[in-house]
Amino acid sequence: MPDYGFPKELRLTRAAEYKAVFSKAKYKVSCRFLLIFAIRNDLPQPRLGVVVGKKNVAKAVQRNRIKRVLRTSYRLNQDLLSGLDIVILARSNLDSLDNQKLAEQIQSLWRDLVKKHTADT
């Protein structure tokens, strides 16, 4: 049975890791509300970083809800995303989506990212 936790090994934790993904992004997928950058890593598992700024989502409650939904979707799809460092960047008006619509958007972006990644390997 796969482990669906979110331990430290599955997270981008340092500013240098985020900077590497932003500056060397090999894969980019986006929609109106989200932008995903990804690079290959030399690890067997994917790693995730989420950026939801105050400028785009004003209320902390909404920022935390969005991050929770994004992390849950990542945890459930991590077996498809192996070998990638991923940063999800929230765009403005993301807080207008409910949890179901947000989950659908991110699921669609995961599919696009996997297509790009597998086409490249």
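Every number in this text was worked out from the coordinates using simple rules, so none of it is lab data. Here the structure is a predicted model, which means the values were calculated and not measured. Cβ placement follows ideal geometry from the backbone for every residue including glycine, while neighbour counts extend to all protein chains displayed.
Residues whose amide H falls under 5 Å from that of Leu12, counting only those 5 or more places apart or on a different chain, are Leu48, Gly49, with hydrogens built in the peptide plane.
For segment 77-91, 3J(HN,Hα) computed residue by residue from phi via the Karplus equation (6.51, -1.76, 1.60; θ = phi - 60°) reads 10, 5, 5, 7, 9, 4, x, 10, 9, 10, 10, 9, 10, 7, 9 Hz, glycine and proline entered as x.
Each residue of segment 13-29 was assigned a 3J(HN,Hα) from its phi angle through the Karplus curve 6.51 cos²θ - 1.76 cosθ + 1.60 (θ = phi - 60°); the sequence is 10, 9, 4, 5, 5, 5, 4, 4, 5, 5, 7, 10, 4, 8, 10, 9, 9 Hz, with glycine and proline shown as x.
Near Ala119, once Lys and Arg are set to +1 and Asp and Glu to -1 for all other residues with Cβ below 15 Å from its Cβ, the sum equals +4. For Lys116, a cut-off of 17 angstrom between C-alpha atoms picks up these lysines, skipping any fewer than 8 places away in its own chain: Lys24, Lys26, Lys28.
Only helical runs count toward this figure. For the chain, summing -39,500 (n - 2.57) over DSSP H runs of n ≥ 4 and dividing by all residues gives -13500 deg cm²/dmol at 222 nm.
Hydrodynamic radius of segment 8-120 by the Kirkwood approach over all distinct alpha-carbon pairs: 14.0 Å. Listed values for segment 101-112 are Karplus-derived 3J(HN,Hα) couplings in whole Hz (6.51 cos²θ - 1.76 cosθ + 1.60, θ = phi - 60°), namely 5, 5, 4, 5, 4, 5, 4, 5, 5, 4, 4, 5, and x replaces Gly and Pro.
Listed by chain and number, the lysines placed with their C-alpha closer than 21 angstrom to that of Lys55 are Lys19, Lys67; residues fewer than eight positions away on the same chain are left out.
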